[in-house]
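Asks: So that we are looking at the same thing, I have put the structure below in C-alpha cells.
The values are calculated or read from the model by the stated rules, or taken from the named source; none is laboratory data. Remember, it's a predicted structure, so these values are computed and weren't measured experimentally. All Cβ positions, glycine included, derive from the backbone under ideal geometry; neighbour counts span all protein chains shown.
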Amino acid sequence: MRDQSDNNAPLHVLQTVFGYPSFRGQQADIVNHVAGGGDALVLMPTGGGKSLCYQIPSLVRDGVGVVISPLIALMQDQVDALAEVGVRAAFLNSTQSFEETIRTEKAVRKGELDLVYVAPERLMTPRCLELLESSKIALFAIDEAHCVSQWGHDFRPEYIKLSILHERFPQVPRIALTATADPQTRAEIARRLQLEDAAQFVSSFDRPNIRYQIVEKTNGRKQVLDFIREEHPGDAGIVYCLSRKKVEETADFLNEHGLTALPYHAGMDHATRAANQSRFLREDGIVMVATIAFGMGIDKPDVRFVCHLDLPKSIEGYYQETGRAGRDGAPADAWMAYGLQDVVQQRRMIDESEADENFKRVQTAKLDAMLGLCETLNCRRVRLLDYFGQSSGPCGNCDICLAPPVSYDGTVQMQKLLSSIYRVDQRFGGGHVIDVLRGTDSDKVKQWRHDKVSTFGIGSETSEAEWRAILRQAIALGLVVVDHDSYGALKLTADARPVLKGERTVQLRQYQKPAKKKRESAKP
Ligand code: ADP
Ligand code: ZN
C-alpha cells in the first residue's frame, strides 16, 4: 500500500480498502489536506463520517496514524472493524495486559501498523512519548476534541496536555475532530490544541431526518410511555434522565408497562453496564434509559427516537444526545418533555455548584440558550442551527413548523404576574404566587394575609397550569429569577421594570392544554 502509484490515492484507498464508491460531504477535501501534511479542525455531526478523515490519510502517509480517543471501551471494536478490511490497527490503553502492550509497542516501533488508538492519559506517559519519538508517525488524530473544553460536559483534563504534541512533533500533521462545537468551543479547541492556523472544516449540522419536538411536561414518564407506544412500538431508542435514581425508576416503569427497557448510568457496576450496552446494540427494540454517561461513540444506526425527560444543560448537549437518533438517515424523533421544575432545578444546580463566577456565567448563558429553544415561537431547527452559526429556513419537520403555536400580546398577563411577585415582597415561590393570583384561600395565603394584597384574585380567570406556563416564559425571558438562597423565592430582574411600567410588550405562547395525541390506530 506504500508504493508511489495511484494505488496510494485517497479515493483508491476508499474504494479498495473500505469498499465505498465515493467520499461524502467534505471528506475528500479533509483527507487530501491532511494526507498532504496540513493540520485540520473538523466539525462534523455524528454519523457524518469522521473516522475516514484520519484513517485514510494514515494509510496514505508513511508511518503509523496515532488516534487519541477517550473512548477506551470502543477501541477493541474499532480495531476489529479495521482488521476486517485488512487495516493493521492496534490500541494502547489500561484494559490490556502487559504482554499485549509490549507487542503493540514493538509493532509501532517496527512500522508494522497503519493505525494505533491511544487513550490520552497513556499518551502523556514518558514511555509512550519516547515510543512515538523513536517511531515514524503519519499523523495525530484527536477524536472527540471538544473534551478539551472546560465549559463542555465532556471535559477531560488530560486533553489540555495534548498541546504537547505540537511542541514535541512539530512536523507531524494533526487533525482534531468533534461533533459538537458552537463557535465559542471551536475557538477554545483551536487555542488549547494550538490549532489556530489549522484549516477548519465545518460541515452542515442539519440532521433533516430528525423531527424535533418539545412538549409541556405534565407526567413525564407516562408521557414518554405514551409517546413510545404510539409513535415507536418495537423501535430502539434512548430515554435520557438527569439522575441515576430517575433512570432506575423510569426503566422499571417502562418495563412494568410492557417495554423492554434497560438502565445505564455511571453508578452501575461495569459488567452490568457493558451487558446492557451490548444488548442495546445487538438486539432489536431495546429502550435504553440512561444518564448522559451513555452514548458517546455509540454507533447504532437505527436508533429511532431519543427522548429527554429532563432539560439538558446546553444546546450542545441536546444536539449531541438527539444526534444519536437516525444515523441511518431514516426518519427519527427527538422528543423532550420540559416544565417549570426543570428550569428551577437547572438554575439551582448552577447556583449551588462550587465553580467560580465566570464558569457560572457561561453555564447560565448556555442554559438560557437552551430555554430559548424550548420556548421559541419559531422553527426549532432554525434556532438549533443558528446556535452553531448556521443559517437556514423553517424546516417543515419540527413541532413548531407542523403546528405553529399561536402567540398573543401577553403584556397584561405578565404585568399581573410580575406585580404579584412584587406584592408578596419577592419572598415566595411559584406555587404561592399563583395562589395569590388566582385568589386561592390557602393556609399560607391566610397566614401571610395575602388575601389583602391588591393582586389577590386578579388572575382567577386563568388556570393554574396556564400561569405556570407564563411563569416559565417569564424565567426564560429573564424577567424573573428563582433565588435558591431564599428557598426558591421568585425575584424580579431589572428587565421586569419596563414591562411593569408598560414600556415594553411581551409576546407569549398561547397555552394549549396538553391533549392526548390524536392518531388513528390501524387496530380495531
Ligand atoms: P462519525 O465518527 O462522524 O460519527 P463514522 O466515521 O462512524 O461517523 O461514520 C458513520 C457511518 O458512515 C459509518 O458506518 C461509516 O462506515 C459510514 N461512512 C462514512 N463515510 C462514508 C462514505 N464516504 N461512504 C459510505 N459510507 C460512509
Ligand atoms: Zn421547523
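Asks: Given the criterion part of a helix (DSSP H, G or I), among the hydrophobic types (A, V, I, L, M, F, W, C) and within 24 Å of Lys217 (Cβ to Cβ), identify the matching residue among Phe253, Phe294.
Replies: Going through Phe253, Phe294 in turn, just one is part of a helix (DSSP H, G or I), among the hydrophobic types (A, V, I, L, M, F, W, C) and within 24 Å of Lys217 (Cβ to Cβ): Phe253.
Asks: May I pose another question? Looking at Arg347, Arg327, Arg381 in this structure, which one is in contact with a strand residue (DSSP E or B) (Cβ under 8 Å, 6 or more places away or on another chain), within 16 Å of ligand 1 (Cβ to nearest atom) and either assigned to a helix (DSSP H, G or I) or at pLDDT below 95 (or both)?
Replies: After ruling out the rest, the residue left standing is Arg327.
Asks: Follow-up question, since we're still on this one. May I ask you to say which residue of Lys366, Lys446 is basic (Lys, Arg) and loosely packed, with under 15 Cβ neighbours inside 10 Å?
Replies: Testing whether each residue is basic (Lys, Arg) and loosely packed, with under 15 Cβ neighbours inside 10 Å leaves just Lys446.
Asks: Oh, and also: Just to verify a result, which residue in segment 378-389, among those that are out of contact with any Leu (no Cβ under 9 Å at 6 or more places or on another chain) and of a type outside the set (D, E, K, R), is nearest to ligand 2 (Cβ to nearest atom)?
Replies: The qualifying residue nearest to ligand 2 (Cβ to nearest atom) is Cys379.
Asks: Please pick out the residue among Ala522, Ala489 that is at pLDDT below 95 and under 19 Å from Gln346 (Cβ atoms).
Replies: Step by step, each of Ala522, Ala489 is checked, and only Ala489 is at pLDDT below 95 and under 19 Å from Gln346 (Cβ atoms).
Asks: Taking segment 300-315 as the region of interest, how many residues are modelled with pLDDT under 95, in contact with a helix residue (DSSP H, G or I) (Cβ under 8 Å, 6 or more places away or on another chain) and either surrounded by fewer than 21 Cβ atoms within 10 Å (Cβ to Cβ) or assigned to a strand (DSSP E or B) (or both)?
Replies: 2
Asks: Among the residues of segment 38-82, write down those that are within 11 Å of ligand 1 (Cβ to nearest atom), in contact with a Cys (Cβ under 9 Å, 6 or more places away or on another chain) and at pLDDT below 95.
Replies: Met44
Asks: Just to be sure, is Val108 buried (at least 17 other Cβ atoms within 10 Å of the Cβ), more than 27 Å from Gln390 (Cα to Cα) and within 32 Å of the chain's Cα centre (by Cα)?
Replies: When the stated conditions are applied, Val108 does not pass them.
Asks: Kindly evaluate Arg186 against the criterion of being surrounded by 18 or more Cβ atoms within 10 Å (Cβ to Cβ) and at pLDDT below 95.
Replies: yes
Asks: From Ile68, Ile56, grab the single residue that is more than 16 Å from ligand 2 (Cβ to nearest atom), more than 21 Å from Ile189 (Cα to Cα) and under 30 Å from the mean Cα position of the chain (by Cα).
Replies: Exactly one residue qualifies, and that residue is Ile56.
Asks: Still on this structure, please answer the following. Within segment 90-97, is even one residue within 19 Å of Asp39 (Cβ to Cβ) and either crowded, with 18+ Cβ neighbours inside 10 Å or in contact with a Phe, Trp or Tyr (Cβ under 6 Å, 6 or more places away or on another chain) (or both)?
Replies: No.
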